[in-house]
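A.B. asks: One structure is given below, represented as structure tokens, and several questions about it will come after.
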Amino acid sequence: MSVDEMSAQTPIGVDGGLVSGVEWPSANVPGANVRAYLGLPYAAAPVGALRWRPPQPVVPWNGVRAADTLPPQAMQPGRSTESVYFEFAGVQPMSEDCLYLNVWTPAGSADARLPVMVWFHGGGFQQGSGANPVFVNGDLPAQGVVLVTFNYRLGPFGCMAHPAFSAEAAADGASGSGNYGLRDMEAVLRWVQRNIAAFGGDPDQVTIFGQSAGAAGVINMMASPRTEGLYARAIAQSFGVTGMESLADAERSGAVFADSIGASTAEALRALPAQALLDSYLARPERWMPIADGDFIARPVREIFAAGEQVAVPLLTGWNAHEGSTFGFSRDLASFEDKLAKRFGDRLAQAQQLYPAANDAEAKAASLSLVGDELFASGVHAAVRSHTRKAPSWLYYFDHLQPFKPGQRYRESGDAEPGQALGVFHSSEYAYVFGTTGVLTRDWGADDARVTQLMQHIWLHFARTGNPNGEGVPQWPTFDERSTSMLRLSVTPALIDVPRLAQLELVG
């Protein structure tokens, strides 16, 4: 079928039936013929009896389904309008019926066999959406790849374990509970394998990529043998390997929560309205995350990577220069010193040397550095050190400031501060990877255009070849523990030694 013959209205067969799409503008790539297919179900609605169950097959429909509207995001807490991330996400409808994906394709025919990039959104497994403006309004597809974004279950809907749910799984011949959001991710990858060729994508050339919790999802896919063969390469932005709660501990936590809200059985829990369940969950201090359930994830991901048992695909990974700047920090010297003492114990003297602070201002700065090292950079560094023994791996350091306008101020975990004070903050690479600088209100300039070109070239070249090297990129060797080098991504990219290596080794 020629380009002229294939249009957004041409019906395409997918799981469940036929769909039609919409033409999608690509302002930065004139003449691009991108079509979008929005809100495609990849599993049955996880409501009622299907709440806290693995994703089930799509319910078929009759006729041609108009895939022309972005789907609602999963159930989640709201986002403060004072946060720098509010503009990233926009305002979206929300529903427990959330297992949908979106496909953007520039393919002129189903025979195009274009590389496929499947995006895992972040948000701490508590928030986020595959329909965020900063993901969907860019120009990656216009440059010759099929882009897939999706939603998955979050918070209590995606991560709650409970003895009753585990008993149901055992009755179905499976084991464990929790990790429903991870199982949603697997379901998306299986959907892609079955259906993406109809959109001109190559199921043998799938790159999974994600950031923060999305990167954790990518790493978790790599740690699960169930996903082997569903993708050819992986990109993990700002998250790596970590320890995990056990199934037994997660079941106890789930049971305590259920008892506290007077719904101790599976039937009573499923009878709760979705918003009431979410509100009760948000009233508790802890937040549930993926666990080592003994089934999807056999044991903590850090142990799986250290043992070399992860899926052996090329890996591109890295972190941003100021990962901790939008997270909680110690507000004074006394609280920071107390935190160091509790965190490092007999290694306190070493910690004080690596995170020095003599007053409240220095304590805040050191605390933010510790948060970034502890939550993000150290796990990435540990992941690449393990994975480079198994498959080619490349490590980057994103170091380009977004050009905030004068007067732009944001409140993350303290007083409102100028945007510039956030530095190269967690998630700030989004607009450059997706080509969506126009979505965010900044004083964008020529340097930002150059960084966008660099980032997209690397991400796209990796998706096409499994190697990020190419024209315009300094020769970038695979990561080697002996050389400890990584590529600094900025207006003037260059190989550098791993920054703060002693700190990463301390907290890792």
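A.B. asks: According to a simple spin-label model (label point 7 Å from Cα along Cα-to-Cβ), what is the distance in nm between Ala248 and Val64?
C.D. replies: In this crude spin-label approximation the distance works out to 5.8 nm.
A.B. asks: Can you list the HN-Hα couplings for the stretch 364-376, worked out from phi with the Karplus curve (6.51, -1.76, 1.60; θ = phi - 60°), rounded to whole Hz and with x for Gly and Pro?
C.D. replies: Karplus-based 3J(HN,Hα) across the stretch 364-376 equals 4, 4, 5, 5, 5, 5, 4, 4, x, 5, 6, 7, 10 Hz.
A.B. asks: Show me, for the stretch 298-305, the HN-Hα J-couplings you get by feeding each phi into the Karplus relation (A = 6.51, B = -1.76, C = 1.60, θ = phi - 60°), rounded to Hz, glycine and proline as x.
C.D. replies: Rounded to whole hertz, the list is 5, 7, x, 4, 4, 5, 5, 5.
A.B. asks: Then there is this: When Rg and Dmax of the Cα atoms in Å is calculated directly from the model, which label among (1) 26.7, 88; (2) 23.5, 95; (3) 22.4, 70 fits?
C.D. replies: (3)
A.B. asks: Whose amide H sits under 5 Å from the amide H of Arg65, counting only residues 5 or more places off or on another chain, with H placed in the peptide plane?
C.D. replies: Answer set, sorted by chain and number: Leu18, Val19, Ser20.
A.B. asks: Another question, if that's okay. Gain in length, Asp480 to Asp204, computed as 0.36 nm per residue apart minus the alpha-carbon separation, to one decimal in nm? Can you show the working numbers first?
C.D. replies: On the way: separation 276, 0.36 × 276 = 99.36 nm, distance 2.77 nm.
Separation in residues times 0.36 nm, less the Cα-Cα distance, equals 96.6 nm.
A.B. asks: Go ahead and collect, in residue order, the members of the stretch 84-111 whose backbone nitrogen is under 16 Å from a label point 7 Å along the Cα-Cβ direction of Ala32.
C.D. replies: 103-108
A.B. asks: Something else: So, with +1 on the Cβ of K and R and -1 on the Cβ of D and E, and no other charges, what is the size of the charge dipole of the chain about its Cα centre, to the nearest 20 debye?
C.D. replies: Charge dipole of the chain: 260 debye, to the nearest 20.
A.B. asks: With each pseudo-label sitting 7 Å past Cα toward Cβ, what's the Arg409-Glu362 distance in nm, one decimal?
C.D. replies: A separation of 2.8 nm, rounded to one decimal place.
A.B. asks: Order these by the 10 Å Cβ neighbour count, fewest first: Met75, Met222. If you can, show how the numbers build up before the last one.
C.D. replies: Numbers: Met75 21, Met222 28.
Fewest to most other Cβ atoms nearby, the residues stand as Met75, Met222.
A.B. asks: If you stretched the chain out fully between Asp332 and Gln275, how much longer would it get, using 0.36 nm times the residue separation minus the C-alpha to C-alpha distance?
C.D. replies: Values: separation 57, 0.36 × 57 = 20.52 nm, distance 3.72 nm.
Stretched out fully, the Asp332 to Gln275 stretch lengthens by 16.8 nm.
A.B. asks: In nanometres, what is the gap between the two model label sites at Asp15 and Phe86, each 7 Å from Cα along Cα-to-Cβ?
C.D. replies: So the label points at Asp15 and Phe86 sit 3.7 nm apart.
A.B. asks: Test of understanding: ordering Ser485, Ser330 by Cβ neighbours within 10 Å, fewest first, what list do you get?
C.D. replies: On the way: Ser485 16, Ser330 21.
In order of increasing Cβ crowding within 10 Å: Ser485, Ser330.
A.B. asks: Now for a different question. Express as a percent, rounded to the nearest 5, the fraction of DSSP beta bridges in the chain (both residues included) that run antiparallel.
C.D. replies: 40 percent
A.B. asks: On to the next question. Per DSSP H run of at least 4 residues, take -39500 (n - 2.57); add these up for the chain, divide by its residues and hand me the 222 nm value, nearest 500 deg cm²/dmol.
C.D. replies: Dividing the helical sum by the residues of the chain leaves -9000 deg cm²/dmol.
Each reported figure results from applying straightforward, stated rules to the coordinates on display, with no laboratory input. All values reported here derive from a predicted model rather than from experimental measurement. Note: ideal-geometry Cβ built from the backbone for every residue, glycine included; neighbour counts use all protein chains shown.
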